[in-house]
């Protein structure tokens, strides 16, 4: 039986990813795994916010830059206000889509897109 899916996004710089996802988007760093003796990259990390998990990896072969994760949220506009107050660049401001959802898109330095959907 399936329980949950955790998207994996490839990042090129673990420290920059932590800054963007944790300081900018409000995720918490749950774990970081590096090979013994390595202090920077490669790194495999787990982050979470409100019960939603993402894995980020700078290991070669883990994902490709430019991935997409759809995150279902209660209030896109509240997140927009939070993110812009933190200086996070918004790729698509909250928009009412023709298919009935309200969406906002944010991209990281590796062009991974987080789609916040209400």
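The values are calculated or read from the model by the stated rules, or taken from the named source; none is laboratory data. All values reported here derive from a predicted model rather than from experimental measurement. Here the Cβ is made from the backbone with ideal geometry for all residues, glycine too, and neighbour counts use every protein chain on show.
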When residues of the stretch 100-118 are limited to those that are more than 13 Å from the chain's Cα centre (by Cα) and not in a strand (DSSP E or B), the one surrounded by the fewest Cβ atoms within 10 Å (Cβ to Cβ):
100
Taking the stated definitions as given, is residue 77 modelled with pLDDT of 95 or more, under 17 Å from residue 7 (Cβ atoms) and outside any strand (DSSP E or B)?
no
Determine if the stretch 85-99 includes at least one residue that is closer than 18 Å to residue 17 by Cα, crowded, with 16+ Cβ neighbours inside 10 Å and modelled with pLDDT of 95 or more.
yes
When every residue in the stretch 5-29 that is more than 21 Å from residue 87 (Cβ to Cβ) and without any contact (Cβ under 8 Å) to a residue 60 or more places away in the chain is compared, the one nearest to the chain's Cα centre (by Cα) is 8
Could you list, in sequence order, all residues of the stretch 30-47 that are within 15 Å of the chain's Cα centre (by Cα) and surrounded by 15 or more Cβ atoms within 10 Å (Cβ to Cβ)?
44, 45, 46, 47
Given the residues 56, 29, 9, 71, which is the only one that is in contact with a helix residue (DSSP H, G or I) (Cβ under 8 Å, 6 or more places away or on another chain), closer than 21 Å to residue 104 by Cβ, at pLDDT 95 or above and not in a loop (DSSP other than H, G, I, E, B)?
56
